[in-house]
Structures are given as C-alpha cells and as structure tokens.
1. Between Glu42 and Ala268, what is the spin-label point distance in nm, taking each point 7 Å from the Cα along the Cα→C-beta axis?
2. Please give the net charge around Ser263, taking every other residue with its beta carbon less than 10 angstrom from that of Ser263, where Lys and Arg add +1 and Asp and Glu add -1.
3. Once Lys and Arg get +1 and Asp and Glu get -1 on their Cβ, which of Leu65, Ser51, Tyr99 lies farthest toward the positive end of the dipole of region 48-140?
4. How large is the helix-only mean residue ellipticity at 222 nm for the chain, computed as the sum of -39500 (n - 2.57) over DSSP H runs with n ≥ 4, divided by its residue count, in deg cm²/dmol to the nearest 500?
5. Within the set of other residues whose C-beta is less than 13 Å from the C-beta of Ala47, count the net charge using Lys and Arg as +1 and Asp and Glu as -1.
6. Starting from the Cα-Cα distance between Glu205 and Arg68, subtract it from 0.36 nm times their residue separation and give me the gain in nm to one decimal.
7. How high is the relative contact order of the chain, given as a whole-number percent (alpha carbon pairs under 8 Å, six or more residues apart)?
8. How many nm is it between the label spots at Asp164 and Cys84, if each spot is 7 Å from the Cα in line with the beta carbon?
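Rule-based calculations on the coordinates, nothing more; no lab input. Since this is a predicted model, take the numbers as computed values, not measurements. When we count neighbours, we look across all protein chains shown, and the Cβ atoms used for this are built from the backbone with ideal geometry, even at glycine.
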Amino acid sequence: MRAVRFVALGDSLTEGVGDPVGDGWRGWAALLADGLAEGPVEFTNLAVSGSQTRDVLERQLPAGLALRPDVVSVVIGVNDTLRCTFDIRAVAARLDAVYAAFTEQGAVLLTACLPDPGAMLGLPGALSRPLARRQRAVNAVVHALSERHGAVHLHASEGAWLTDRAMWSADRLHPGERGHRQLAVRFHAVLAGRGVATGAAPSPEPEFPVPTKSASLWWLATAGTGWVARRCTDLLPQLLTLAADEMRHRARGTSARLDLRASAAVSAALAALSVEPDVA
C-alpha cells in the first residue's frame with residue numbers, strides 16, 4: 001500500500017509554535033497527519049515561522065510540488081497583515097497561484113481563515129481595528145479562492161475556541177497544545193466528511209501538562225519578546241498612522257468609509273485575477 005503524502009505549507013501556526021515536543025514544535029498538521037489514513041502517511045512540514053504569502057509562493061511551493069502530495073495544507077496570511085507592505089491584491093494573486101499549482105497536480109487542498117491578531121493580543125481599538133480590517137480582507141480572499149479551487153476550507157476565525165484561554169499559548173497569538181489539537185480535530189472532521197481522512201480522529205485532549213506560569217513568562221521574556229520586536233520594527237510606524245486615520249474617521253463619523261474601502265480593495269483584487277497573471 002502506497003503511503004498517503006501530506007505536505008503542510010505556511011507560517012508559525014503550521015510549523016507548530018505553541019505545541020512543544022522535545023526540542024521542537026509539533027502542531028496541528030502533524031496531529032492531523034496521523035489520522036489521514038489507516039495505512040502509512042508520509043508527512044512533510046515546510047512551514048516556517050514568520051512566512052508571508054510571498055515566501056510560500058517563492059520558497060515553499062516549489063518544494064511542495066516536488067513532493068507531489070495527495071493532501072496539502074496552505075494556511076497563511078496573518079504575517080502579511082503585520083507588515084507595512086500589506087497589499088491585498090498581491091496576497092490574492094499569490095494565493096491563487098499556489099492553490100492552482102497544487103489542485104492542477106491533483107492534490108486535495110486544505111485552507112483556513114484565521115482570527116485577527118489585534119483582537120487576540122487585546123490591543124486598543126484604534127490599533128486593533130486596522131489589523132482586523134486587514135485580516136477580514138485576507139479571509140474574504142481565502143474564502144473566495146478556496147471555493148474557486150475546490151479546497152477543503154476550515155472556518156478557524158470564529159467559534160468559542162477563540163476566547164478559551166486554555167486553547168492558547170502564553171503569547172496569545174499561537175494555540176497551545178489543546179488549541180492545535182482543536183484545529184486538527186476540526187480539519188479531520190471536515191476531511192472525514194468528504195471521505196478523504198480514513199484514519200482515527202486526533203484526540204482533543206492534551207498529551208502534556210499545560211506549561212506553568214513561570215515557563216510561559218520565560219518564553220515571553222525570551223523568544224516571545226523577540227518575535228514581537230521583529231514585527232513591531234516593521235509594522236509599528238504604519239500601525240500608528242493607521243490608528244490616527246482610524247481616530248480621525250471615528251471623530252467625523254465616517255468610519256464606514258474605511259470598511260467600504262477595504263471591501264472594494266478585496267473585490268478589485270479578486271477581479272484582477274481573471275485578467276492579470278502577475279504574482280509579484
């Protein structure tokens with residue numbers, strides 16, 4: 001019996017950050033892999049922390065295609081929203097190219113929409129609303145392209161799990177073991193419903209004890225602080241500009257214009273895909 005080949009592309013979420021095992025990370029994709037088939041499964045995780053859609057297109061896609069997966073997951077986009085270079089048109093073009101490449105090869109494509117980072121971090125409204133608007137735009141694009149390419153899509157941007165602190169790690173942006181297991185369980189259920197996953201569903205119960213408060217604080221003071229600092233250096237100046245614009249519109253009662261502008265940008269990005277092959 002030939003092994004089912006499962007390849008995962010993405011950023012720190014798919015890399016498994018928040019679910020430590022030994023000296024590395026495990027994560028939802030590895031947990032899902034065990035339940036994809038009753039027989040052998042060959043799992044390759046190409047996800048790299050900090051990756052954006054450009055990284056998936058230029059670096060992870062060629063490696064993924066070379067493995068000729070039966071099932072491939074592409075969960076990406078949050079890091080794009082945290083950059084001053086955010087461009088929903090470019091995000092849409094890159095995702096469309098990645099999705100098309102795998103589906104044309106015959107792989108079952110897994111995608112997901114994700115919660116906005118501002119809400120998860122508990123940022124003040126003027127700071128969180130611009131990030132939420134960007135994440136809604138990415139999610140709208142992922143929804144539309146998932147339907148276009150026949151992907152198996154998981155609505156991970158909603159549900160009680162978002163407000164359950166037991167699901168999340170110390171940094172409040174990555175799931176803990178329980179959260180990664182929740183993602184694996186939900187993906188497995190959708191795949192089993194389509195007859196793709198034939199193995200046993202992952203257990204929702206954690207295998208390891210929840211990290212102690214001191215361990216969580218140590219992570220935040222070391223790796224976690226560095227993670228935030230690297231992104232703030234790039235994003236913070238623009239985020240402050242976005243926040244100022246947000247407050248001006250709220251003072252004038254014209255906040256709806258920002259939402260309309262974002263919706264129009266998504267529509268234009270999707271419309272451009274049918275006429276422009278540019279994925280730069």
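1. Placing both labels 7 Å along Cα→Cβ, they lie 4.5 nm apart.
2. Local net charge: +2.
3. Most positive-ward Cα: Ser51.
4. My calculation for the chain gives -15000 deg cm²/dmol from helical runs alone.
5. Charge balance near Ala47 sits at -2.
6. Working: separation 137, 0.36 × 137 = 49.32 nm, distance 3.22 nm.
Taking Glu205 through Arg68 to full extension adds about 46.1 nm, to one decimal.
7. On the way: 454 pairs, mean separation 64.8, N = 280.
It comes to 23 percent, rounded to a whole number.
8. Output for this residue pair reads 4.0 nm.
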